[in-house]
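Below you'll find the structure, written out as structure tokens, and then a few comments.
The values are calculated or read from the model by the stated rules, or taken from the named source; none is laboratory data. Just so we're clear, the structure is a prediction, and the values are computed from it rather than from any experiment. Glycine also receives a Cβ, built like all others from the backbone with ideal geometry; neighbour counts cover every protein chain displayed. In case anyone asks, the SASA skips ligands and DNA or RNA and just uses the protein heavy atoms, side chains included. Shrake-Rupley method; radii C 1.70, N 1.55, O 1.52, S 1.80 Å.
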Amino acid sequence: MRTSVEALLVLSFGGPEGPDDVRPFLENVTRGRGVPPERLDEVEQHYRHFGGVSPINARNRELISAISERTELPVYFGNRNWHPMIENTVAEMARDGIGTALVFATSAYGGYSACRQYQEDIVRARKAVGERAPRLIKLRHFFDHPQFIGANADAVRTARTGLPSDVAELARLVFTAHSVPVAFDATGGPPAEGGYRYSRQVAEAARLVAAELGVGAYDVVWQSRSGPPQVPWLEPDVGDHLTALHERGVPAVVVAPVGFVSDHVEVIWDLDHELREQAAELGMGFARAATAGPDPRFADMVVELIAEQVHEFAPRGLGEVPRGGCTRNGTLCAPLCCEPPPRRRT
């Protein structure tokens, strides 16, 4: 054993688990970003449509249970925006005497929100706990890991079987991921390494899943954008794209949320609710592939990422796009990786 690792921390975004949690959760998510109250009012109704409960915490607890069955390491759970908050979890780890732990963040990709912000969460939590805080090592990006690609590919296969037989083979495969401001996507990392650009990694994951399926024609689109309309975000939007496919005579779609590892409200509202309704209004067949997280291979992958650190297990990846995160020799992300663009002065 090369590194004395004593625990794993599963670090995620967080989500409300009851109606009273919704507004405080959204205020945590948007604090310091100048989001108007009326936008929070709108999003709050999305959560209340599902009883004020996001599925993300339950899915993460299921993942933790699956990981715990596969490793002897104690597995802790912390969130950025809702309980259990990472600061409290790291304090618990310190009380338990944990000196060094690995961190699995529930995002496969690079980029500021998908990667760098989790590094900031770790720094903030360790600072809050003080000198007793354990050393925390974030595991690498895994967007091209064979287990992640295989789980997503099988989810598409299963989703396609839910379409009427006369359109199943004609259905267009559409990959989606959460949109981000174009300026954030442009801060992709060291140019010499090609950058850990979020959109580039999402496109690579989509390419690999399509290749696994033997599909040559597919689309990569974006969803769940927010913010002022004058700020450019990654496009095309999935709703706009669905309309365009309808105008081209495409009879059905299989939508694969490859940008997400778990269902949460932005998946089940934006896709299962809004996009499904839009497809019905257009008379198009619609199927949504499951996210990869519940697939047993996903927990297998997490254990393999742990083994890269603890047992010098050789990293596996199918793609040609650079991955960031902690490598086998303990090197952390490059200094310029996934940094946010400078804020404009007003």
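Write down the Kirkwood hydrodynamic radius of segment 1-56, to one decimal in angstroms, obtained as one divided by the mean of 1/r over all alpha carbon pairs. Please list the in-between numbers first.
Details: mean 1/r = 0.0762 Å⁻¹.
Result for segment 1-56, one decimal place: 13.1 Å.
Compute the Cα gyration tensor for segment 35-107, then decide on rounded, prolate or oblate, letting a ≥ b ≥ c be the square roots of its eigenvalues: rounded whenever a/c is under 1.5, prolate when a/b is larger than b/c in the other cases, and oblate in all that remain. Walk me through the numbers before you get to the answer.
On the way: a/c = 3.31, a/b = 1.91, b/c = 1.73.
Prolate, because a/c is 1.5 or more and a/b exceeds b/c.
What whole-number value in Å² describes the accessible area per residue of the chain for a 1.4 Å probe?
On the way: 15550 Å² over 346 residues.
In whole numbers, the chain has 45 Å² accessible per residue.
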Along the Cα→Cβ direction, 7 angstrom out, place labels at Arg31 and Asp240. What is the inter-label distance in nm? 3.4 nm
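Could you work out [θ]222 nm for the chain from helices alone, using -39500 (n - 2.57) per DSSP H run of at least four and dividing by all its residues? Round to the nearest 500 deg cm²/dmol.
Details: 13 runs with 133 residues, N = 346.
Value at 222 nm, helices only: -11500 deg cm²/dmol.
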Area accessible to solvent at Arg39, 1.4 Å probe radius, in Å²: 70 Å²
With the 8 Å Cα cutoff and a minimum separation of six or more residues, the chain has a relative contact order in percent of 24 percent
For the chain, longest principal axis from Cα atoms; helix 117-129 axis from its Cα atoms; angle between them, nearest 10 degrees, is 30 degrees
Separation between the Asp166 and Thr71 pseudo-spin-labels, each 7 Å from Cα along Cα→Cβ, expressed in nm? 5.1 nm
Quick one: Cα centre-to-centre distance for segment 234-283 and segment 3-74, in angstrom? 23 Å
0 to 90° range, to nearest 10: angle between helix 37-49 axis and the chain longest Cα axis: 80 degrees
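Percent relative contact order of segment 19-75, based on C-alpha pairs within less than 8 angstrom and at least six residues apart? Intermediate results must be reported in sequence, preceding the final value.
On the way: 22 pairs, mean separation 20.6, N = 57.
The normalised contact order for segment 19-75 reaches 36 percent.
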Based on the alpha carbons, how large is the Rg to Rh ratio for the chain when Rh follows Kirkwood? 0.96
Angle in degrees between helix 296-310 and the longest Cα principal axis of the chain, rounded to the nearest 10: 30 degrees
